[in-house]
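Notes follow the structure.
What follows is calculated from the coordinates using simple rules that are stated; it is not laboratory data. This is a predicted model, so every value here is computed, not measured. Here the Cβ is made from the backbone with ideal geometry for all residues, glycine too, and neighbour counts use every protein chain on show.
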Amino acid sequence: MIFKKEMSLIITVVENGFSTKVIDASKLAGADGATVLQGRGTGIHENSTFMGVGIQPGKDIVLTLVQKSQRKNVMKEIVRACNLSTEGKGLTFCVPVDELAGVNHLLKKRRNIFAKDEPKPAPKQEKAIVKPEEKVENKVKLQ
């Protein structure tokens, strides 16, 4: 099933080992979790050498899927926690996600995320169970 709801994918690139800070900050701001990928930096701050051999430091790439309304708060918390306003610490950005599939756990956990896209099921009505000994007969008294 494909859900049509405006969501955002926050992508954060930080030095190896800093993904935990990104995830903790994201959760603190309301995100459910994240996916961490391993990468290699080739930016202006990755031009290090050791004994004449170029060193390309590893990077953690953290993907965090959030509701569009959450993205600014989550990104602010990531920037604060990882000190991304300092040059060379990493970067974070987001891209819109208009359709997605495979997020059934979100549907169960937060039914209201996709409530506008799906009809709500009718509430179940329970039937009263009456035991035979509890039945009351209607007796009419004739005069």
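Just a few scattered comments:
- Ordering 59-66, 74-81 by mean Cβ neighbour count within 10 Å, with the highest value first, yields 59-66, 74-81.
- Phi angles of region 13-21 translate, via the Karplus equation with coefficients 6.51, -1.76, 1.60 and θ = phi - 60°, into HN-Hα couplings of 10, 9, 5, 3, x, 9, 4, 4, 5 Hz per residue; Gly and Pro are given as x.
- Relative packing of 92-102, 7-17, which averages over residues the other C-beta atoms within 10 Å, highest first: 7-17, 92-102
- 5 angstrom amide H check on Glu15, placed H, neighbours 5+ away: Asp60
- Phi to ³J(HN,Hα) by Karplus 6.51 cos²θ - 1.76 cosθ + 1.60 over region 23-34, Hz, x for Gly, Pro: 5, 4, 5, 4, 5, 4, 8, x, 6, 7, x, 7
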